[in-house]
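The next block holds one structure in the form of structure tokens; read it before the comments.
Nothing in this text is a laboratory measurement; each read-out follows from the coordinates by a stated rule. Bear in mind that the values here come from a model prediction, so they are computed numbers and not experimental data. No Cβ is skipped: glycine too gets one built from the backbone with ideal geometry, and neighbour counts run over all protein chains shown.
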Amino acid sequence: MPITNETLCLMIQNGNHEACTQLIEQNTMFIRSAAIQFEKRYGSAVLNCDDYEQEGRIALLHAAKRYMPEKGKFLTYACLLYTSPSPRDGATS
């Protein structure tokens, strides 16, 4: 039985680097699906699908480091971070 995303996040927060790899592998289809949606929405003129997937992996790990179980399911939290504009997109705070 796979370890839950939430448990992997706690492991990552405690310095377990192997949990990072497992979290990414466990959520590959989620990341790929989101990347395809971004490419459809924004086109490949901004980034190509591979770039969107890499952004998704980065966002997933960033979310894992900040995740708090009381915020609910991890993927819901991660999705909110992934869909927020990043400074690289030219967004300002």
Reach of LYS73 by Cα under 16 Å, taken over aspartates and glutamates that are not fewer than 8 positions away in the same chain
GLU6
Using 0.36 nm per residue of separation minus the Cα-Cα distance, give me the extension gain between MET68 and GLN13 in nm, one decimal.
18.8 nm
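Working out 0.36 nm times the residue gap between GLN26 and THR76, then minus their Cα-Cα distance, what length gain in nm do you get to one decimal? Walk me through the intermediate numbers first.
Values: separation 50, 0.36 × 50 = 18.00 nm, distance 1.52 nm.
Taking GLN26 through THR76 to full extension adds about 16.5 nm, to one decimal.
For segment 6-80, what is the convex hull (Cα atoms) projected area averaged across all directions, in square nanometres? Could the numbers behind the result be given before it?
Details: hull surface 18.9 nm².
Mean projected area for segment 6-80: 4.7 nm², to one decimal.
For the chain, what is the charge dipole size about the Cα centre, in debye to the nearest 20, if Lys and Arg each add +1 at the Cβ and Asp and Glu each add -1 at the Cβ?
Working: 9 positive and 10 negative charges, 50 e Å.
In debye, rounded to 20, the chain gives about 240.
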Percentage of Cα-Cα pair distances in segment 1-46 greater than 12 Å, rounded to whole percent?
65
